[in-house]
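For reference, the structure is listed below as structure tokens.
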Amino acid sequence: MSDLSPARTPVLDVWCELQCPDCRTALDDLRALRARYGDRLELRLRHFPVDKHKHSFAAAQAAEEAVEQGRGWDYVEAVLGRVEELDRRGEPFLVEVAGELGLDAEEFDTALIDGRHILIVDADQAEGKAIGVTGTPTYVIDGERLDGGKSQEGLRARIEEIADRLLAEGE
């Protein structure tokens, strides 16, 4: 009897922190991966806020609100593209970016106040620590952890190699 279950889409977990300059550097690789694979590779934003960046926890919550409003990656890219402004302005900047993207900025403000996304951010951070994430960006694909915090050099090629293998196996 043959296995007729549908092929699984490979998943790339991207452990990110929206106040991290290294994550901004990684944006080009993420854009290239999204362009190359489209929906054949699921890129999942995972949060790993760090204490040294005082707005990173709020930014992670805001990113979750953007996901809920259907524009998660657009929001992440917009915030990461202006890390210095987030450093200076904090939560008002996060709400402003939502408005610039045509999202419900008032709902962002409310989400940051009521903390509705805290559990998601906490769970991501705990899972990251449990699997050995120590900095951002860190990628996990097919059980392999790739640390981009030290260097992005060669990481996209390694991710593509693994994704191509997983896609070939799934055909």
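The values are calculated or read from the model by the stated rules, or taken from the named source; none is laboratory data. No experiment lies behind these values; they were computed from the predicted model shown. Heads up, the Cβs are rebuilt from the backbone with ideal geometry, glycines too, and the neighbour counts pull from every protein chain shown. Accessible surface areas use protein heavy atoms only, side chains included; no ligands, DNA or RNA. Shrake-Rupley method; radii C 1.70, N 1.55, O 1.52, S 1.80 Å.
Would you tell me the accessible area of residue 131, worked out with a 1.4 angstrom probe on the heavy atoms of the protein chains, in Å² to the nearest 10?
70
Going toward the positive end of the dipole of the chain, with +1 on Lys and Arg Cβ and -1 on Asp and Glu Cβ, which of 86, 15, 70 do you reach last?
So the residue we want is 15.
Rounding to the nearest 10 and keeping the result within 0 to 90°, find how far the Cα-based axis of helix 91-100 lies from the longest principal axis of the chain.
Helix 91-100 sits roughly 70 degrees off the main axis of the chain.
7 Å from Cα along Cα→Cβ at both residue 118 and residue 131: what's the point-to-point distance in nm?
2.5
Projected onto the charge dipole of the chain (+1 at Lys/Arg Cβ, -1 at Asp/Glu Cβ, origin at the Cα centre), which of 138, 30, 157 gives the Cα projection farthest towards the positive end?
It is 157.
Can you tell me the Rg and the Dmax, both Å, for the Cα atoms in the stretch 1-130?
For the stretch 1-130, the Cα-based Rg and Dmax read 15.6, 61 Å.
Which whole-number percent is the relative contact order of the stretch 56-171 (Cα, under 8 Å, 6+ apart)?
Across the stretch 56-171, relative contact order equals 19 percent.
Can you tell me the relative contact order of the stretch 1-113? Whole percent, Cα pairs under 8 Å, sequence separation 6 or more.
That works out to 27 percent.
Between residue 25 and residue 100, what is the label-to-label distance in nm when each label sits 7 Å out along the Cα-to-Cβ direction?
The two pseudo-label positions are separated by 2.3 nm.
Just the accessible area for residue 9, please: 1.4 Å probe, Å², rounded to the nearest 10?
About 60 Å², ignoring ligands and nucleic acids.
Working with all protein chains in place, sort 91, 65 by solvent-accessible area computed with a 1.4 Å probe, largest first.
Largest accessible area first, the list is 91, 65.
What FRET efficiency do you get for residue 144 and residue 50 if R0 is 22 Å and r is their Cβ-Cβ distance, rounded to the nearest 0.05?
0.45
Counting only DSSP beta bridges with both residues in the stretch 2-153, what percent are antiparallel, rounded to the nearest 5?
On the way: 8 of 14 bridges.
Within the stretch 2-153, antiparallel bridges account for around 55 percent of the total.
If you take the beta carbon distance between residue 157 and residue 107 as r and set R0 to 41 Å, what does 1/(1 + (r/R0)^6) give as a FRET efficiency, to the nearest 0.05?
FRET efficiency, residue 157 to residue 107: 0.55.
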